[in-house]
1. Assess whether residue 9 counts as being in contact with a Gly (Cβ under 8 Å, 6 or more places away or on another chain) and either crowded, with 19+ Cβ neighbours inside 10 Å or over 17 Å from residue 93 (Cβ atoms) (or both).
2. Being open to solvent by 30 Å² or more (accessible area, probe 1.4 Å), on the phi < 0 side of the Ramachandran plot and not aromatic (Phe, Trp, Tyr): is that true of residue 47 here?
3. Could you check the range 251-312 for helices (runs of 4 or more DSSP H) lying wholly inside it with 2 or more residues that are more than 22 Å from residue 184 (Cα to Cα)?
4. Return the pair list, or none, for Cβ contacts closer than 7 Å from residues in the range 163-182 that are free of Cβ contacts under 8 Å to residues at least 60 places away in the same chain to residues that are surrounded by fewer than 20 Cβ atoms within 10 Å (Cβ to Cβ) and of a type in the set (A, V, I, L, M), at least 6 apart or on different chains.
5. Of the numbered conditions (1) modelled with pLDDT under 95; (2) open to solvent by less than 10 Å² (accessible area, probe 1.4 Å), residue 75 satisfies every one except a single condition; which is it?
6. Pull up the range 165-206, narrow it to residues that are open to solvent by less than 60 Å² (accessible area, probe 1.4 Å) and of a type in the set (S, T, N, Q), then point me to the one that is nearest to residue 232 (Cα to Cα).
7. If I go through the range 211-243 residue by residue, how many of them are touching a Ser or Thr at 6+ places or on another chain (Cβ under 6 Å) and not small (Gly, Ala, Ser)?
8. Just checking, does the range 121-133 include any residue being without any contact (Cβ under 8 Å) to a residue 12 or more places away in the chain and part of a helix (DSSP H, G or I)?
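The values are calculated or read from the model by the stated rules, or taken from the named source; none is laboratory data. These numbers come from a predicted model, not from an experiment. So basically every Cβ, Gly included, is an ideal-geometry build from the backbone, and we count neighbours across all protein chains shown. Side chains included, ligands, DNA and RNA excluded: accessible areas come from the protein's heavy atoms. Shrake-Rupley method; radii C 1.70, N 1.55, O 1.52, S 1.80 Å.
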Amino acid sequence: MASDGVITHRSVEVNGVRLHVAEAGPAGAPVVLLLHGFPELWYAWRHQMPALATAGYRAVAPDMPGYGDSEAPSAGPDKYTALHVVGDLVALIDSLGQKQVFVVAHDWGAIIAWSLCQFRPDRVKALVALSVPFTPRSPAVKPVDGVRALYGDDFYIVSFQEPGAIEAEFKRLGTELVLRKFFADRTASPLFIPKSGWGSPDDEVPLPSWITKQDIKYYTTKFDKSGFTGGMNYYRALNKTWELTSPWTGAEIVVPTKFIVGDLDLTYNIAGAQDFINKGGLKKFVPLLDGVVIMKDVGHFINEEKPEEINVLVINFIKKFN
């Protein structure tokens, strides 16, 4: 593995599933595990990996199970619960020969990272969570039922629930257009994908300034090959995860954490999110929270939109634990 920021690739077998893993940085250096979200890949961390390697860390970025060049667990959404995916990450950490790692995670990666810290805090030195704050488990309301009651059937998480339906809609629109729609969204409001359709295949959606034609081509090629079902299955497993995680109701996250979000991020503009993040709710459940950074005029894909700023924040934070 190169120590000069060059990214190398290999496959790792975890719990019977083959994961594609991208790596950069010196062997034997402290590991930073980078967890992407939807609709992304290891490639979301292309700006962070060389910076981490240069700073003396070993950056490890898998394609999450069901994404890109990683295998999709068989047997559908029930294999995508937080318990399953965290189990795969623990096996990956074991395969790296590490007792503990730093974790930097975005979107669905952050959701899984919060669960990793909750189930196995002994394996995480410190966490940088991007975009998605910790969400305490409600003993009364399943997560999909909760957002359906709040926003209705066209809210994107609800739209994603029926197996095959959203995949057919994405196929009708074409992979590149679907990715452009997600990447370009800066509405600072909840995302709705109507059952009647998410626009026309002829829609023209300009690329945001932070993503190149080469970037969108890479993402498109990989999602053309894998499809979107793997990514969708994380959403489809939300209620199953809720059922399985009742022992952790009320549990705190006891890992040192920094949380970073853009003020135009749809996650920051969901009902109650800003109060929870800024008025002590997040700190109550994450007592070792070492500050919240709200980045102005920044959207959801924060580590790609503002890579230099994120690199500095991440490295300055994890350096405290060397």
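1. On the way: in contact with a Gly (Cβ under 8 Å, 6 or more places away or on another chain): no; either crowded, with 19+ Cβ neighbours inside 10 Å or over 17 Å from residue 93 (Cβ atoms) (or both): yes.
No, not satisfied.
2. Working: open to solvent by 30 Å² or more (accessible area, probe 1.4 Å): yes; on the phi < 0 side of the Ramachandran plot: yes; not aromatic (Phe, Trp, Tyr): yes.
It is true that residue 47 is open to solvent by 30 Å² or more (accessible area, probe 1.4 Å), on the phi < 0 side of the Ramachandran plot and not aromatic (Phe, Trp, Tyr).
3. On the way: elements: 273-278, 281-285, 302-305.
Output list reads 273-278, 281-285.
4. Listed by first residue and then by second, the contacts come to 176/216; 177/205; 180/205; 180/207; 180/216; 181/205.
5. All conditions pass for residue 75, except number (2).
6. Here the residue is 175.
7. First, the residues of the range 211-243 that are touching a Ser or Thr at 6+ places or on another chain (Cβ under 6 Å): 220, 223-224, 237, 240-241.
Next, from what is left, pick out any that are not small (Gly, Ala, Ser): 220, 223-224, 240-241.
So the answer is 5.
8. We begin by selecting, within the range 121-133, every residue without any contact (Cβ under 8 Å) to a residue 12 or more places away in the chain; these are none.
No - not one qualifying residue is present in the range 121-133.
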